[in-house]
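Please read the structure below before turning to the comments.
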Amino acid sequence: MQNSYNPQQLEPIVQRDWERHQAFRVTEDERLEKFYCLSMLPYPSGRLHMGHVRNYTIGDVISRYHRMQGKNVLQPMGWDAFGLPAENAAIQNQVPPAQWTYENIRYMRDQLKRLGFAYDWSRELATCHPKYYHWEQWFFTRLFNKGLVYKKKAVVNWDPADQTVLANEQVIEGRGWRSGALVERKEIAQWFLRITEYADELLQDLGKLQGWPQQVKTMQANWIGRSEGIEIIFEVKNQAPVHVYTTRPDTLMGVTYMAIAPQHALATQAAEASAKIAEFIDLCKQMKASEVEAGTLEKCGIDTNLYAIHPLTDEKIPIWIANFVLIEYGSGAVMSVPAHDQRDWEFATKYRLPIKPVIYPTSDSTFVDISQGAFINQGWLRNSAQFDGLSSQQASEKIAAELDNKNKGCRQVNYRLRDWGISRQRYWGCPIPIINCDQCGAVPVPEEDLPVRLPEAIDFDGVTSPLKSLAEFATVECPKCRGAATRETDTFDTFFESSWYFARYCCVDNDISMLDERAHYWMPVDQYIGGIEHAVLHLLYARFFNKLMRDAGLCRNDEPFTNLLTQGMVLKDGTKMSKSKGNTVDPEGLIAKYGADTVRLFVMFVAPPHHTLEWSDAAVEGAYRFINKLWRLVENHAEAGVPSETLAINGLNEKQRGLRRKTHKTIKKVTDDIGKRYTFNTAIAANMELVNEMTSFEDASPQGRAVYHEALEAVVLTLAPILPHVCHVFWQKLGHAGPVHQARWPSIDLNTLKKGNFELVVQVNGKKRAIITIPTDAKNAHIEAIALNNENVQRFIQNKKVMKRIVVPGRLVNIVTT
RNA sequence: GCCGGGAUGGCGAAAUCGGUAGACGCGCCGGACUCAAAAUCCGGUUCUGGAAACAGAGUGAGAGUUCGAGUCUCUCUCCCGGCACCA
């Protein structure tokens, strides 16, 4: 009586075996080719969701595949452990954030272990642990000393009830998600990292990322938003000149007014002279971030009664304050050309400002239609004095040169990317290692005083960070002058932690430095796997951080992630699985019912990794059935004993050769699918095909059993990365002493793929009419003759003249008739 | 509005270089085993006609290139994702 498949019993045994042998612990070995496979680390929210399972299964399959290729594979796991949900939980459950977080980590680590992921757990890290953030603080102080960090006032979403900054995602229809209060735009002092210093390199190096999806590279390029233009100086009587940035210098002669941001210095001055202007600026301050984002804000403005001087014509240009001009982009002032910019056109039409067309559609046109909107295309210049008759491109050159001559302007590159604001007025985060001293200003905490530990035993009322009122944390001595000083109580944006964790996995145990030579061995990450939602934020920050670490001499690689795989979302009933929608499927219940292997097989089989995955209970059953079928196949085969006879390749009969051919065809396909194409679904399908063929192969002869054995081993080996537990057991049942994860990936015997005969499709005028069997070495003329003589082909070519015969060797014959 | 990705049976999908459309799985239909059920096994399953052989149609719509198009080109429709007053 054979055993039946019992994953609940089998999987823990296999997992204990891995643990006992520390099967996936790795050390640096220069003799071996390294492979660093990394999945984005999870936030310890409490339980794993199906998105995690999918992400980590993909990573595990790739890791185990490369391990079987004989590589030294590092696959670590850790916890992105700082962040808001811990604070929310603290309010709801009266549990300190630290305790809540560490409990969740313990629970989720257990869940990951039950899924059988081949992690090197000795390298586990949690970003909320002082051993981790120590080095983040240390690195921040280096950046401070290098001048890559600065503090400035910035506009934020401010919740007046909770007295705190809100992230954009926490503003719902203009109100604070928690208090319901109308969110204000407020300027507060924040720490910034000079990511714009690296804008050009971050854009340029996208070209090096051959292993990244085009979509992600395009999104990053758009986010960086490089544009080339000219900065032009407009003199203002009795005032400092106003700088404007434009990408269309060819339209300069069409400027009829200037628009400045409400926060512009000139606007502030004008407000001092006029109550009406002050009132308007106040109004602008109240405009909601949400409206600005939605683009629904109505354009409005007010005349300052000031005039700028046109740099080429010396004309007087009225200066308006306009709510749509952004202080953050360019210089916070725009030269308005209403004839050729839609936004300027709308504003000019509303306030009856003059509109002067200077760009015309063709070189000889005398009319341009601007009655319904601006003419925004390039064209030919008119009404532009000495530039008349030039094309937009020629005029841009000439005007730029002219401005340069007069010292009134120069070429400039602008970026949409802004410096990265990293201050958060939150408790559960890494303390910013700065001491504020009245005498010395902002002083970085000295190396020997690091880390600045976040007090974990605190009372948390949820409204403001307890750090703000914790005297023993905030009151310190200035490291420079030894006078009384206060500690910075803001914490880092949690993206700060996730921007360098990949490097720290190489040397988590190092207590004396951030990184060491082990990082040179493992970095860069060969394969990174994660959600597309991080396309710009995390993946841009991590690239930036890697360049900062490189420039600090901590690592050598320019880019952190050589290949990137972005997996699709997991949906149920057509929408993303989420707690708020109540449509989650708990992986834990599935593991309990079917075992980890079934769950892994399902997520890998049902869709290719980058597709969204629609949940299906029935498909899980299907995956479970396949493993059971495989189990019976192995049991039946092993029951009769492992065949002692070795394969006599040249003595096989037709059927035996057929199964061998299928076996090696399958190995070839699976190797390509997992190793190169990342199409795990088709790799599984190919194995299912082979299994189906094995089912109908009945041959108990010694050679028949040997052929069957080879086929079964191929299935077990090539499915081992996906079904590690059951294949571990299968491998033993097939008579092997060592574990399957240490076995080598099967090799392909190309000779088996050769066939004596092959089937060829015959088409008449592109339509399939017959399938003929042809000897492999048949000449084209011979093939044509057989094709033409085919009975069914004859039916379609009789009474017609054969015009052309196309023979594609190994594929088809197409006969073209009149 | 701009950028990117899609659209293939009842469903998830496959077709890797322009060469048999629908592999594999789910579901469904029929059969075997069984007192019965579950499980398992066998057969069928794009649509239309036909007992079958086979024929006709067919990859969002329309055109084009080609002996041959799911695949390439153009136009359009719809869906998904990202960005958006960026000067």
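The values are calculated or read from the model by the stated rules, or taken from the named source; none is laboratory data. All of these numbers come straight from a predicted model, not from anything done at the bench. Methodologically, a virtual Cβ is constructed for each residue, glycine included, from the backbone with ideal geometry; neighbour enumeration extends over all protein chains shown.
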More than 22 Å from A:Gly301 (Cβ to Cβ), over 46 Å from the mean Cα position of the chain (by Cα) and more than 16 Å from RNA strand B (Cβ to nearest atom) - does that describe any residue in the range A:347-362?
-> no
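For the range A:366-375, indicate whether the set of residues that are in contact (Cβ under 8 Å) with a residue 24 or more places away in the chain, away from RNA strand B (no atom under 12 Å from the Cβ), in contact with a strand residue (DSSP E or B) (Cβ under 9 Å, 6 or more places away or on another chain) and aliphatic (A, V, I, L, M) is non-empty. Break it down stepwise before answering.
Taking the range A:366-375 as the starting set, the residues that turn out to be in contact (Cβ under 8 Å) with a residue 24 or more places away in the chain are A:368, A:370, A:373-375.
Now narrow it down to the ones that are away from RNA strand B (no atom under 12 Å from the Cβ): A:368, A:370, A:375.
From the residues that got through so far, the ones that are in contact with a strand residue (DSSP E or B) (Cβ under 9 Å, 6 or more places away or on another chain) too are A:368, A:375.
Still in the running and aliphatic (A, V, I, L, M): A:368.
Yes; the residues of the range A:366-375 include at least one that is in contact (Cβ under 8 Å) with a residue 24 or more places away in the chain, away from RNA strand B (no atom under 12 Å from the Cβ), in contact with a strand residue (DSSP E or B) (Cβ under 9 Å, 6 or more places away or on another chain) and aliphatic (A, V, I, L, M).
From the list A:Ser423, A:Ser498, A:Ser469, A:Ser396, which one is among the polar types (S, T, N, Q) and under 30 Å from A:Thr366 (Cα atoms)? Steps first, please.
Values: A:Ser423 fails: under 30 Å from A:Thr366 (Cα atoms); A:Ser498 fails: under 30 Å from A:Thr366 (Cα atoms); A:Ser469 fails: under 30 Å from A:Thr366 (Cα atoms).
Every option except A:Ser396 fails the conditions.
Consider A:Ser331 carefully, then state whether it is hydroxyl-bearing (Ser, Thr, Tyr) and more than 13 Å from RNA strand B (Cβ to nearest atom). Lay out the reasoning, then the answer.
On the way: hydroxyl-bearing (Ser, Thr, Tyr): yes; more than 13 Å from RNA strand B (Cβ to nearest atom): no.
Here the answer is no, as A:Ser331 does not meet what is asked.
Here are A:Asn692, A:Asn650: which of them is closer than 24 Å to A:Lys755 by Cβ, within 7 Å of RNA strand B (Cβ to nearest atom) and without any contact (Cβ under 8 Å) to a residue 12 or more places away in the chain? Walk me through it before giving the result.
Numbers: A:Asn650 fails: within 7 Å of RNA strand B (Cβ to nearest atom).
One residue alone meets the criteria, A:Asn692.
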Can you spot a residue in the range A:125-132 that is of a type in the set (Ser, Thr, Tyr), closer than 30 Å to A:Pro479 by Cα and buried (at least 19 other Cβ atoms within 10 Å of the Cβ)?
-> yes
Hits in the range A:376-404 - residues which are free of Cβ contacts under 8 Å to residues at least 60 places away in the same chain and closer than 25 Å to A:Ile319 by Cα | A:Ile376, A:Arg382, A:Asp404
Give the range A:510-535 a look and list any residue that's touching a Ser or Thr at 6+ places or on another chain (Cβ under 6 Å) and either surrounded by fewer than 14 Cβ atoms within 10 Å (Cβ to Cβ) or closer than 15 Å to A:Gln220 by Cβ (or both), or say none.
-> A:Ile532
Mind listing whichever residues of the range A:310-328 are within 13 Å of RNA strand B (Cβ to nearest atom) and either crowded, with 18+ Cβ neighbours inside 10 Å or not aliphatic (A, V, I, L, M) (or both)?
-> A:Trp320, A:Ile321, A:Ala322, A:Asn323, A:Phe324, A:Val325, A:Glu328
Selection from the range A:32-70 of residues that are of a type outside the set (Gly, Ala, Ser), more than 22 Å from A:Gly83 (Cα to Cα) and not in a helix (DSSP H, G or I) | A:Leu32, A:Glu33, A:Lys34, A:Phe35, A:Tyr36, A:Cys37, A:Gln69
Restricting attention to the range A:56-70, does a residue exist that is within 19 Å of the chain's Cα centre (by Cα), of a type in the set (Val, Ile, Thr) and under 12 Å from A:Ala118 (Cβ atoms)?
-> yes
Residues that are more than 10 Å from RNA strand B (Cβ to nearest atom) and among the hydrophobic types (A, V, I, L, M, F, W, C), drawn from the range A:209-222 = A:Leu209, A:Trp212
Residue list for the range A:201-220, filter: within 21 Å of A:His610 (Cα to Cα) and assigned to a helix (DSSP H, G or I) = A:Leu206, A:Gln214, A:Gln215, A:Val216, A:Lys217, A:Thr218, A:Met219, A:Gln220
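Can you pull out the residues in the range A:628-647 that are away from RNA strand B (no atom under 14 Å from the Cβ), of a type in the set (D, E, K, R) and not in a loop (DSSP other than H, G, I, E, B)?
First pass over the range A:628-647, keeping only residues away from RNA strand B (no atom under 14 Å from the Cβ): A:637-647.
Now restrict to residues that are of a type in the set (D, E, K, R): A:639, A:645.
Within the range A:628-647, A:Glu639 is the sole residue that qualifies.
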Number of positions in the range A:469-488 that are basic (Lys, Arg) and either touching a residue at least 24 places away in the same chain (Cβ under 8 Å) or buried (at least 16 other Cβ atoms within 10 Å of the Cβ) (or both) = 2
Going by the conditions given, is A:Thr663 in contact (Cβ under 8 Å) with a residue 24 or more places away in the chain, within 11 Å of RNA strand B (Cβ to nearest atom) and either within 42 Å of the chain's Cα centre (by Cα) or not in a helix (DSSP H, G or I) (or both)?
-> no
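Just to check your reading of the model, which residue among A:Gly553, A:Gly568 is surrounded by fewer than 19 Cβ atoms within 10 Å (Cβ to Cβ), among the small types (Gly, Ala, Ser) and either without any contact (Cβ under 8 Å) to a residue 12 or more places away in the chain or over 22 Å from A:Met604 (Cβ atoms) (or both)?
Values: A:Gly568 fails: either without any contact (Cβ under 8 Å) to a residue 12 or more places away in the chain or over 22 Å from A:Met604 (Cβ atoms) (or both).
On inspection, the qualifying residue turns out to be A:Gly553.
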Answer residue from the range A:804-818, given it is near RNA strand B (Cβ under 8 Å from one of its atoms) and in contact (Cβ under 8 Å) with a residue 12 or more places away in the chain and is surrounded by the fewest Cβ atoms within 10 Å (Cβ to Cβ) among those = A:Lys804
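Each row is one residue, and each column tells you yes or no for (1) away from RNA strand B (no atom under 12 Å from the Cβ); (2) over 19 Å from A:Lys668 (Cα atoms); (3) in contact (Cβ under 8 Å) with a residue 40 or more places away in the chain.
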| site | (1), (2), (3) |
| --- | --- |
| A:Glu713 | yes, no, no |
| A:Thr718 | yes, no, yes |
| A:His725 | yes, yes, yes |
| A:Lys754 | yes, no, no |
| A:Val764 | no, yes, yes |
| A:Arg769 | no, yes, no |
| A:Asn790 | no, yes, no |
In the range A:223-251, residue farthest from RNA strand B (Cβ to nearest atom) [restricted to those that are part of a helix (DSSP H, G or I) and either closer than 30 Å to A:Glu197 by Cβ or in contact with a His (Cβ under 7 Å, 6 or more places away or on another chain) (or both)] = A:Ile224
Given the conditions (1) in a helix (DSSP H, G or I); (2) out of contact with any Pro (no Cβ under 8 Å at 6 or more places or on another chain); (3) under 19 Å from A:Asn636 (Cα atoms), and given that A:Ala700 satisfies all but one, which numbered condition is not satisfied?
-> (1)
Taking interchain pairs and intrachain pairs at least six residues apart, which have beta carbon atoms under 9 angstrom, with the first residue in the range A:696-707 and among the charged types (D, E, K, R) and the second surrounded by 18 or more Cβ atoms within 10 Å (Cβ to Cβ) and modelled with pLDDT of 90 or more?
-> A:Glu698/A:Gly704; A:Asp699/A:Gln656; A:Asp699/A:Leu659; A:Asp699/A:Arg705; A:Asp699/A:Val707; A:Asp699/A:Tyr708; A:Arg705/A:His637
Test: A:Glu559 is assigned to a loop (DSSP other than H, G, I, E, B) and more than 16 Å from RNA strand B (Cβ to nearest atom) = yes
Checking A:Pro809 against (1) at pLDDT below 85; (2) within 30 Å of A:Val715 (Cβ to Cβ); (3) within 46 Å of the chain's Cα centre (by Cα), which test does it fail?
-> (2)
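Condition check ((1) under 24 Å from A:Ser4 (Cβ atoms); (2) part of a helix (DSSP H, G or I); (3) more than 8 Å from RNA strand B (Cβ to nearest atom)) across all residues:
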residue	(1), (2), (3)
A:Leu571	no, no, yes
A:Gly582	no, no, yes
A:Val585	no, no, yes
A:Ile591	yes, yes, yes
A:Leu601	yes, yes, yes
A:Pro609	no, no, yes
A:Ala618	yes, yes, no
A:Glu621	yes, yes, no
A:Phe626	yes, yes, no
